[in-house]
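Written out below as structure tokens is the structure these notes cover.
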Amino acid sequence: MPAASVPFLAAAFLLVAAGGAKLLRPDELAGALRVAGLPAGRWLVRFGAAAEAGVGAAALALPGAATASLVAASYTAFAAFVGLAIRRGWPIASCGCFGRPDTKPGYPHLLLDAGAAAAAASWAASGPPTAAHVFVQGAVLLLTAVVSGLSYLAWTARWA
């Protein structure tokens, strides 16, 4: 089983969670986009959130090189936005990742986005596991749940 399986699946799961949160509460991301000078309508945010959740759900349901590449592209775009926000000093109170105002983009967020992109790209390059690895899938799913939860806590933590 590729070493990046757990981080890749956790990244995909978090796309579903974050996309769902933005569907319900688009205002935080809309505000961040407005600060960046980008189109920021609530309907546009919801469309993007639906696409984000769809990419994550597709990757979980049909893990393969194509869906892993989409997950990697999503996190690369997120990392680019967060990096630009940091570099330009945009006064963004929240990136809207989990629909909460306390997920301000910063270096930890940038590193987590870049790590998720790298894990998904690595998984896409190595390909899905073979049938010989089926016996470890239960452990992989459990680890995925743990890593997803810890990642959520890291993304939403108030960093000093």
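The values are calculated or read from the model by the stated rules, or taken from the named source; none is laboratory data. Computed from a prediction, not measured in an experiment: that's the story for all the values here. Ideal geometry is used to build each Cβ from the backbone, glycine not excepted, and the neighbour counts take in all protein chains shown.
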Residues within the range 78-108 that are at pLDDT 80 or above and closer than 17 Å to Ala36 by Cα, tallied: 14
Name the single residue, out of those in the range 15-49 being of a type in the set (Gly, Ala, Ser) and in contact with a Leu (Cβ under 6 Å, 6 or more places away or on another chain), that is farthest from Ser151 (Cα to Cα). Ala40
For the range 28-47, enumerate the residues that are without any contact (Cβ under 8 Å) to a residue 40 or more places away in the chain and within 23 Å of Gly83 (Cβ to Cβ). Leu33, Arg34, Gly37, Leu38, Pro39, Ala40, Leu44
Among (1) closer than 17 Å to Ala12 by Cα; (2) touching a Pro at 6+ places or on another chain (Cβ under 8 Å); (3) hydrophobic (A, V, I, L, M, F, W, C), which single condition is Val45 missing? (1)
Test Ala50 against the stated conditions and say whether it is crowded, with 17+ Cβ neighbours inside 10 Å and either in a helix (DSSP H, G or I) or touching a residue at least 60 places away in the same chain (Cβ under 8 Å) (or both). no
Condition first: over 21 Å from Gly106 (Cβ atoms) and either in contact with a helix residue (DSSP H, G or I) (Cβ under 7 Å, 6 or more places away or on another chain) or surrounded by 14 or more Cβ atoms within 10 Å (Cβ to Cβ) (or both). Now tell me which residues in the range 65-82 satisfy that. Ala65, Thr67, Ala68, Ser69, Leu70, Val71, Ala72, Ala73
Selection status of Leu62, of a type outside the set (Lys, Arg), closer than 16 Å to Ala125 by Cα and surrounded by fewer than 14 Cβ atoms within 10 Å (Cβ to Cβ): yes
Among the candidates Pro63, Pro105, Pro91, single out the residue that is in contact (Cβ under 8 Å) with a residue 40 or more places away in the chain, under 14 Å from Phe8 (Cβ atoms) and outside any helix (DSSP H, G or I). Pro63
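Rundown of residues vs (1) out of contact with any strand residue (DSSP E or B) (no Cβ under 8 Å at 6 or more places or on another chain); (2) at pLDDT 85 or above; (3) in a helix (DSSP H, G or I), yes/no style:
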residue	(1), (2), (3)
Leu112	yes, yes, yes
Ala116	yes, yes, yes
Trp123	yes, yes, yes
Pro129	yes, no, no
His133	yes, no, yes
Val136	yes, no, yes
Leu143	yes, no, yes
Val146	yes, no, yes
